[in-house]
Amino acid sequence: ALANKIGVSRNCIYLIESHENIPKIETILDIINANLDNKDLSAAFIANELHISMRHLYRKLSEIGEVRSIANMIKDCKLQVAKDLLINTKLSIDEIAYKSGFTARSTFFRSFTEKYHITPKEFRKQQE
């Protein structure tokens, strides 16, 4: 049986161990989703949105113990959005990279291929 719960915020899904941590993760995911196209999106940006220091943000994440890093959460959300766009739209790969919050096409391709072990173009072909 799966002990994991799912934190969901619009386009991002994050598996977490304990039910009481879902609201905390969802708040962070909401900020990420609302700002995917913001080039300033970072741990510092999220801490500022939550009106806490970065140290306090990392302390809270440490207490939750289920989040590797804010940077990884942001990248995972961007990749989930990109994956959804590849499946559900006819946008070009470049448009998808931009709409999912990546500032460089090469970074998008590298990140997508590292996570899914397939290029975005190959992934889209598989979905057809």
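The values are calculated or read from the model by the stated rules, or taken from the named source; none is laboratory data. This structure is a prediction, so every number in the text was calculated from the model and none was measured. Reconstructed Cβ throughout: ideal geometry from the backbone, glycine too, with neighbour counts over all protein chains shown. We work out accessible area using only protein heavy atoms, side chains counted, and drop any ligands, DNA or RNA first. Shrake-Rupley method; radii C 1.70, N 1.55, O 1.52, S 1.80 Å.
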Which members of segment 56-108 meet the condition of being basic (Lys, Arg) and either closer than 20 Å to residue 125 by Cβ or at pLDDT 90 or above (or both)? 75, 78, 83, 90, 99, 105
Quick one: in segment 1-33, which of the residues that are open to solvent by 40 Å² or more (accessible area, probe 1.4 Å) and polar (S, T, N, Q) is modelled with the highest pLDDT? 27
